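First comes the structure, then the notes that go with it.
The values are calculated or read from the model by the stated rules, or taken from the named source; none is laboratory data. The model shown is predicted, which means the values in this text are computed figures rather than measured ones. We place every Cβ from the backbone using ideal geometry, glycine too, and count neighbours over all the protein chains shown.
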Amino acid sequence: MALGDFGKYNKGFSIPFDKETSLSFEEIGELFDPEEHGKTDSCIMPPCFDNVSMSLVDGRGNQLAYVLQRYPDAEPNKRHEDYREVFLDPDAGAYERNLFDDFLTIPAFDPSDTKGHKITLIELRIDEHGWAIFDNIVFGK
């Protein structure tokens with residue numbers, strides 16, 4: 001779901017966030033025989049393994065990926081300045097995160113740049129070997 005930059009017919013919207021903003025959601029899903037998609041050092045669009053995830057992009061292009069279901073030996077990708085994976089317990093079912101604190105783990109995120117503190121893209125990713133249902137996605141304080 002691209003929330004901003006829709007062009008002249010639809011101005012789109014964004015979701016602002018600050019130090020008190022939480023993100024909560026529910027997810028159930030399963031991967032069937034997940035595979036690794038090449039070596040981590042050749043990864044162009046992380047994560048480079050089958051996964052079920054929710055990715056958020058802020059107003060400055062920083063990407064935060066909450067990874068739920070994943071390849072068994074997957075390790076978080078640490079080589080991108082503007083990208084961070086947070087591996088969540090795949091069996092929890094319900095999740096609540098402090099959005100600002102999680103974005104602070106991205107090296108390029110600038111906590112003093114309030115113009116960038118908005119979510120402009122949400123991507124629900126379900127790779128080819130599984131299924132997932134996301135429900136009750138709430139941004140709040």
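Sub-7 Å Cβ pairs linking a first residue in the range 15-28 that is under 24 Å from P111 (Cα atoms) to a second residue that is modelled with pLDDT of 95 or more and acidic (D, E), at least 6 apart or interchain, are S22/E96; S24/E96, ordered by first then second residue. Restricting the range 89-107 to residues that are within 16 Å of E26 (Cα to Cα) and out of contact with any strand residue (DSSP E or B) (no Cβ under 7 Å at 6 or more places or on another chain), the residue that is surrounded by the most Cβ atoms within 10 Å (Cβ to Cβ) is A92.
Answer yes or no: is there a residue in the range 91-111 that is out of contact with any Cys (no Cβ under 7 Å at 6 or more places or on another chain), among the β-branched types (V, I, T), at negative phi and assigned to a strand (DSSP E or B).
Filtering the range 91-111 down to residues out of contact with any Cys (no Cβ under 7 Å at 6 or more places or on another chain) leaves 91-111.
Then drop every residue that is not among the β-branched types (V, I, T), which leaves 105-106.
Imposing the further condition that a residue be at negative phi reduces the set to 105-106.
Then drop every residue that is not assigned to a strand (DSSP E or B), which leaves none.
No, the conditions are met nowhere in the range 91-111.
Take the residues in the range 60-88 that are among the basic types (K, R) and crowded, with 17+ Cβ neighbours inside 10 Å; name whichever of them is farthest from E128 (Cα to Cα). The selected residue is R60.
Mind checking whether some residue in the range 127-141 is farther than 26 Å from D33 by Cα, of a type outside the set (D, E), at pLDDT below 90 and in contact with an Asp or Glu (Cβ under 8 Å, 6 or more places away or on another chain)? Talk me through it step by step, then tell me what you get.
Restricting attention to the range 127-141, the residues satisfying the condition of being farther than 26 Å from D33 by Cα are 136-141.
This time we only want the ones that are of a type outside the set (D, E), so: 136-141.
Filter once more, so that each one left must be at pLDDT below 90: 141.
Subset that is in contact with an Asp or Glu (Cβ under 8 Å, 6 or more places away or on another chain): 141.
Yes; the residues of the range 127-141 include at least one that is farther than 26 Å from D33 by Cα, of a type outside the set (D, E), at pLDDT below 90 and in contact with an Asp or Glu (Cβ under 8 Å, 6 or more places away or on another chain).
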